[in-house]
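Just below is one structure, and these are the notes that go with it.
The values are calculated or read from the model by the stated rules, or taken from the named source; none is laboratory data. Since this is a predicted model, take the numbers as computed values, not measurements. Quick reminder, even Gly has a Cβ in these numbers, built from the backbone with ideal geometry, and neighbours come from all protein chains shown.
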Amino acid sequence: MSAHPLRRWLAERVPIPMEELRKPLREELPVHLRGWAVWLGGTPLILFGIQVVTGILLTFYYRPDPVRAFESVRRITLAMRFGWLIRSLHQNAGQLMIIALFLHMIRVFVTRAYRRPRELTWVFGMALFLLTLGFGFTGYSLVYDSLSYWATTVGTNLLGDVPVVGHQLLWLLRGGPDVSPNTLARFYNFHIGVLPTLMVLAITAHLVLVRLHGVARLEGDRRHETYDFFPEHVLREAAIALVLLLGLVVYASARPPGLGVPADPTFTPPHIRPEWYFFPSYRWLKLVPMQVGIWTSAGFVGCMMFWPWVDAGLERLAPGRRLGTWLGSAGFAFTLALLVWEALS
Ligand code: HEM
């Protein structure tokens, strides 16, 4: 059968070996990955996709300067056709992405899929998690209402207290010693330029590593059956994408995004609080002296970043005792307790 003329024309001009391109689609996945709780990794990817599309639409009308930022958000929400929907999708896909990442991390932690040789897959995963928090922090500040302005002020103040590099970090983010028009410009630049670039690079590295190693088999699982990445797995991901999108649209219609009061640098609101995903560190920093809080938080993040090696070290120390699993679970329970504590206070 001869190829379609258009395909022939294209193949002559762009001589890509199509057979090579099709290979990744033929990947065979272990059957345990059929359960959604296990293959959760695709969910943050879908949500990131939703954020990229809605984020690009928002940039058409958002104005990153302190005098016009709040007004432009108001216009998007109240005057632009479907602006409320786009804003809501962008906000809530971000919140869901953090939840999905938590769940993905828990599943990888519980199945210990981060162990040799997948340590770097975990490290890139952690980088993705931190970048996602960076998106949340910078995005929240762009709204430029009173709460987001003060959360930015307090948040960047805390960074200024980081040992050794704090001062430089503060200047890098604020563009000067104080929160100023430079700060909003920088946050915008990070939010739509620096972070997305790093994110795409880290996602690529993460997924390439997942592909090169293949998905880890479960400990003690004797099943050898596999199923196809294409079309079965891809269709499952597409179904999840549809459900997520539908859920987000229904939520946006039921609870359209609100507007606070415009930022006023001369008036500090009584209850400044970051977004919920920063609650654990916020509560922790309120509980202990500042320097202790910052050093221990840095130690906690470092420990998470290099968890595969920490766990392997603990395993060598007490073989078969699963010290890592106990320690990790205790750390997770503590983080959750701090989050709930701050949420209820
Ligand atoms: C935008 C963020 C992320 C995306 C899009 C993503 C995507 C994925 C995908 C698609 C897989 C294949 C298996 C599955 O679906 O579970 C996977 C596996 C994996 N992910 Fe992620 N991930 C992200 C963040 C993270 C984070 C935060 C961690 C941990 C700190 C992590 C650690 C891992 C590890 C170790 C594997 C290998 C698991 C195995 O082989 O069974 N990932 N990721």
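Kindly provide the set of residues from segment 99-110 that are near the ligand (Cβ under 6 Å from one of its atoms) and either over 14 Å from the mean Cα position of the chain (by Cα) or outside the structural domain of ALA216 (by TED's automatic domain parsing) (or both), ordered by number. Talk me through it step by step, then tell me what you get.
From segment 99-110, those near the ligand (Cβ under 6 Å from one of its atoms) are 101, 104-105, 108; that's our starting set.
Across segment 99-110, the qualifying residue is only VAL108.
Tell me the residue from THR335, THR325, THR296 that is modelled with pLDDT of 95 or more and within 21 Å of GLY166 (Cβ to Cβ), please.
Going through THR335, THR325, THR296 in turn, just one is modelled with pLDDT of 95 or more and within 21 Å of GLY166 (Cβ to Cβ): THR296.
For segment 103-118, give me each residue that is of a type outside the set (Lys, Arg) and within 17 Å of GLY220 (Cα to Cα).
So in segment 103-118, the residues of a type outside the set (Lys, Arg) come out as 103-106, 108-111, 113-114, 117.
VAL108, PHE109, VAL110, THR111, ALA113, TYR114 - these are the residues of segment 103-118 that are of a type outside the set (Lys, Arg) and within 17 Å of GLY220 (Cα to Cα).
Given the structure, is LEU235 surrounded by 12 or more Cβ atoms within 10 Å (Cβ to Cβ) and out of contact with any Gly (no Cβ under 8 Å at 6 or more places or on another chain)? Talk me through it step by step, then tell me what you get.
Numbers: surrounded by 12 or more Cβ atoms within 10 Å (Cβ to Cβ): no; out of contact with any Gly (no Cβ under 8 Å at 6 or more places or on another chain): yes.
So LEU235 does not fit the description; no.
Got a sec? Which of LEU314, LEU339, LEU323, LEU327 is surrounded by 12 or more Cβ atoms within 10 Å (Cβ to Cβ), more than 24 Å from THR121 (Cβ to Cβ) and either polar (S, T, N, Q) or in contact with a helix residue (DSSP H, G or I) (Cβ under 8 Å, 6 or more places away or on another chain) (or both)?
On the way: LEU314 fails: more than 24 Å from THR121 (Cβ to Cβ); LEU323 fails: more than 24 Å from THR121 (Cβ to Cβ); LEU327 fails: more than 24 Å from THR121 (Cβ to Cβ).
The unique qualifying residue is LEU339.
A quick yes/no check of all residues on (1) surrounded by fewer than 18 Cβ atoms within 10 Å (Cβ to Cβ); (2) at pLDDT 95 or above:
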| position | (1), (2) |
| --- | --- |
| ASN92 | no, yes |
| GLN95 | yes, yes |
| ARG112 | no, yes |
| PRO117 | yes, yes |
| PHE137 | no, yes |
| ALA151 | no, no |
| ASP178 | yes, no |
| PHE187 | no, yes |
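If you go through segment 20-47, how many residues are away from the ligand (no atom under 13 Å from the Cβ) and not hydrophobic (A, V, I, L, M, F, W, C)?
The number of residues fulfilling the criteria is 5.
Working carefully through the options GLY139, GLY155, find the one that is within 18 Å of ALA263 (Cβ to Cβ), assigned to a helix (DSSP H, G or I), touching a residue at least 40 places away in the same chain (Cβ under 8 Å) and not assigned by TED's automatic domain parsing to the domain that holds PHE102.
Values: GLY139 fails: not assigned by TED's automatic domain parsing to the domain that holds PHE102.
That would be GLY155, the only listed residue that is within 18 Å of ALA263 (Cβ to Cβ), assigned to a helix (DSSP H, G or I), touching a residue at least 40 places away in the same chain (Cβ under 8 Å) and not assigned by TED's automatic domain parsing to the domain that holds PHE102.
If I filter segment 119-131 down to residues being more than 6 Å from the ligand (Cβ to nearest atom) and of a type in the set (A, V, I, L, M), which single residue comes out as surrounded by the most Cβ atoms within 10 Å (Cβ to Cβ)?
Step one: list which residues in segment 119-131 are more than 6 Å from the ligand (Cβ to nearest atom), which gives 119-120, 123-124, 127, 130-131.
In the following step, the residues that additionally are of a type in the set (A, V, I, L, M) were identified as 120, 123, 127, 130-131.
Details: LEU120: 14, VAL123: 20, ALA127: 18, LEU130: 14, LEU131: 18.
Checked segment 119-131; the qualifying residue surrounded by the most Cβ atoms within 10 Å (Cβ to Cβ) is VAL123.
List pairs: first residue in segment 96-113 and in a helix (DSSP H, G or I), second residue among the charged types (D, E, K, R) anywhere in the structure, Cβ distance under 7 angstrom, at least six positions apart or on different chains.
none
Quickly run through segment 239-261 and pick out the residues that are within 25 Å of SER146 (Cβ to Cβ) and in a helix (DSSP H, G or I).
So the first thing to find is which residues in segment 239-261 are within 25 Å of SER146 (Cβ to Cβ), and the list is 251-252, 255-261.
Within segment 239-261, TYR251, ALA252 qualify.
Taking segment 219-232 as the search range and keeping residues that are under 15 Å from VAL38 (Cβ atoms) and surrounded by fewer than 16 Cβ atoms within 10 Å (Cβ to Cβ), which one is farthest from the ligand (Cβ to nearest atom)?
The initial filter retains those residues of segment 219-232 that are under 15 Å from VAL38 (Cβ atoms), namely 219-221, 223, 225-227, 229, 232.
Those still in the list that are surrounded by fewer than 16 Cβ atoms within 10 Å (Cβ to Cβ) too: 219-221, 223, 225-227, 232.
Details: GLU219: 11, GLY220: 14, ASP221: 12, ARG223: 15, GLU225: 16, THR226: 14, TYR227: 13, GLU232: 14 Å.
So, considering only residues that are under 15 Å from VAL38 (Cβ atoms) and surrounded by fewer than 16 Cβ atoms within 10 Å (Cβ to Cβ), the one farthest from the ligand (Cβ to nearest atom) is GLU225.
Report yes if VAL288 is surrounded by fewer than 16 Cβ atoms within 10 Å (Cβ to Cβ) and in contact (Cβ under 8 Å) with a residue 24 or more places away in the chain, otherwise no. Outline the logic, then answer.
Numbers: surrounded by fewer than 16 Cβ atoms within 10 Å (Cβ to Cβ): yes; in contact (Cβ under 8 Å) with a residue 24 or more places away in the chain: no.
No: the conditions fail for VAL288.
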